[in-house]
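Below: the structure, in structure tokens.
Every read-out reported here was derived from the displayed coordinates using simple, explicitly stated rules and does not represent laboratory data. Note that the coordinates shown come from a computational prediction; the quantities given were computed from them, not determined experimentally. Methodologically, a virtual Cβ is constructed for each residue, glycine included, from the backbone with ideal geometry; neighbour enumeration extends over all protein chains shown.
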Amino acid sequence: MIRATAIVTAVFAVTAASALADETAPQDVNFEDLAVMASLTGTPGDPVTGRDIFKDRKLGNCLACHTNADMQKELFHGTVGPAMDGAGDRWEPAQLRAIIADAKEVFGEQTVMPGFYSVNVGKDVREDLVGKTILTAQQIEDVVAYVATLKE
Amino acid sequence: MKNRYATVGLGAVLAFATALPAAAEPVDDALVIDGQTMTVRTAAPEGHPFDEVLSGWLFREAETRELEADSFQNPGMLYVDLGAEIWNTVDGTMGKSCATCHDDAADTMKGIAANYPKWDADAKRPINIELQIDKCRVENMGAEAYKFDAADQKALTTYIKHQSLGTPVAVDLSQGELQTWWDRGKDIYYTRTGQLNFACASCHEANSGQRIRADHLSQGQANGFPTYRLKQANMVSLHNRFRGCIRDTRAEFPKAFSDELMALEVYVTWRGTGLSVETPAVRQ
């Protein structure tokens, strides 16, 4: 019994470690030709979770800046960025991954869209957020999977 | 991979970037308070990034605009009344009130606040109304400086600024080293802060007129402060607003009346040159 538990624990430890090893750190994300080809985690994104992250004010809060016809029931869509309708036609997932992880890599330094998986941020970051990204690697994959479904 | 994928270049990206949805335009409306027409739209001073400076009033919903236009309905007027009381109340060890030295504020304070911040030659830094009140309290009344955002500080500031209702904002940058502080404030205005990586200009210059969630982004003008905010059901001071906007970028924010925020006040006030003082403005 004791032995069995030890083995199970050991197996868990190994999977946890390898999951982390598969996750690309924000400073190691490889932007090439305005795209990020490789998944940041190796685990496919979940569009349903991605949809929640997109509208959640504490997570993506993408709706703060982008209107999105798929979310007509939500109040208050921002107009700072382009409408999301058809974004899945206009961009490949690898491009969406680049835009969402660090919009500056695609649109240039001047863009106001935050880098959601970037540590290249502004001055005086709130103490508890130093070194942290807005979204996790898996959340980026989820949002990419969701935005890729926005086709017209 | 689709064809476009291989060919998408910066040109294509820029084409997307400029295809923004139509801005929610500020209204074209006149603000008349107690028979006096406010300047809510005027030509920008030289060196300004905009052609026209616009009051935040033009960006608010109709009900909010009406509340400000009607001084019987404007909840901020209660704080003007409270400020008048404080003006006439003796405080401190010297047995004086503001009125002891300045008599009737309707005469002596008329138009004065429209020219703040000014250069304080004693402190060798800019001084705003809040700090001027504290200076009088400490030096001329033997009273203590107010704590930042104390109810009395906000009421008295509101009262004094209200004596300039309608007067165009004009900061005299030739005083002392005010120009150097303006330069520094400008730097701060364009410096991105926080995890979200926004500068003041990201919202109030690049995107003024756009909606960010429920808010209609104005030019972030200072002419209505302290303002009555419906959301907070209270008066909000200018430095409180600055700190709130900086906090929203997920950054640590400077202390009220710190060098950073005084520099910002000089610069932001200048950006509203020519707009009427609207204190107490009503905002959502």
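Close amide-amide hydrogen proximity is noted between B:Arg125 and B:Asp120, each under 5 Å apart and 5 or more residues distant or on a separate chain (H modeled in the peptide plane; Pro and chain starts excluded).
Would you please classify the overall shape of the stretch B:135-176 from the alpha carbon gyration tensor, given that a ≥ b ≥ c denote the square roots of the eigenvalues, rounded means a/c under 1.5, and beyond that prolate means a/b larger than b/c while oblate covers the rest? Judged from the Cα gyration tensor, the stretch B:135-176 comes out oblate (a/c at least 1.5, b/c at or above a/b).
In this entry, the stretch B:114-184 is assigned a mean projected area of 5.4 nm², taken as a quarter of its C-alpha convex hull surface.
Taking the radius of gyration and the Kirkwood hydrodynamic radius from Cα positions alone, what is the Rg/Rh ratio for the stretch B:123-248, to two decimal places? If you can, show how the numbers build up before the last one.
Numbers: Rg = 16.3 Å, Rh = 16.7 Å.
We get a ratio of 0.98 for the stretch B:123-248.
Among A:Met113, B:Met77, which comes first, then next, by fewest other beta-carbon atoms within 10 Å? It would help to have the intermediate numbers written out before the result.
On the way: A:Met113 21, B:Met77 17.
Ascending number of Cβ neighbours within 10 Å: B:Met77, A:Met113.
For B:Ile212, the residues whose amide H sits under 5 Å from its own are A:Thr79, B:Leu217, ignoring neighbours fewer than 5 places away on the same chain, with H placed 1.01 Å from N. Using bins of 5 Å that start at zero, the share of Cα-Cα pairs per bin across chain B amounts to 1, 5, 11, 16, 18, 17, 12, 8, 4, 3, 2, 1, 1, 0, 0, 0, 0, in whole %. Amide H contacts of B:Thr227: B:Val236, each under 5 Å away and 5 or more positions distant or on a separate chain (H built 1.01 Å from N in the peptide plane; Pro and chain starts excluded). For the stretch A:77-91, the Karplus equation 6.51 cos²θ - 1.76 cosθ + 1.60, evaluated at θ = phi - 60°, returns couplings of 9, x, 10, 5, x, x, 4, 7, 4, x, 4, x, 7, 6, 10 Hz by residue, with Gly and Pro reported as x. Counting, for every residue in A:73-82, the Cβ atoms of other protein chains within 10 Å of its Cβ and taking the mean gives 6. Computed over the stretch B:76-161, the percent of Cα pairs more than 23 Å apart is 15.
Across 5 Å bins from the origin, how do the percents of Cα pairs in chain A run, short distances first? Pair shares across the bins are 2, 9, 16, 21, 19, 13, 8, 5, 4, 2, 2, 1, 0.
Expressed in nm², what is the orientationally averaged projection area of the convex hull enclosing the Cα positions of the stretch B:51-200? Computing the convex hull of the Cα atoms and averaging its projections yields 11.6 nm². Per-residue Karplus couplings for the stretch A:120-137, computed as 6.51 cos²θ - 1.76 cosθ + 1.60 with θ equal to phi - 60°, are listed in order as 8, 10, x, 6, 6, 3, 3, 3, 6, 10, 4, x, 9, 9, 5, 10, 7, 4 Hz, Gly and Pro entered as x.
Peptide B:242-250 has a mean of 2 when you count, residue by residue, the C-beta atoms of other protein chains within 10 Å of its C-beta.
Percent relative contact order of the stretch A:29-152, based on C-alpha pairs within less than 8 angstrom and at least six residues apart?
39
With the gyration tensor restricted to C-alpha atoms of the protein assembly as shown, the semi-axes of the equivalent ellipsoid amount to 49, 25, 20 Å, longest first. Each helix, a run of at least 4 DSSP H residues, gives -39500 (n - 2.57); summed and divided by the residues of the protein assembly as shown, these come to -10500 deg cm²/dmol at 222 nm. Computed from backbone phi, the HN-Hα couplings of the stretch B:119-131 come to 8, 9, 5, 5, 7, 6, 7, x, 10, 10, 4, 4, 6 Hz, rounded to whole numbers (Karplus: 6.51 cos²θ - 1.76 cosθ + 1.60, θ = phi - 60°; Gly and Pro given as x).
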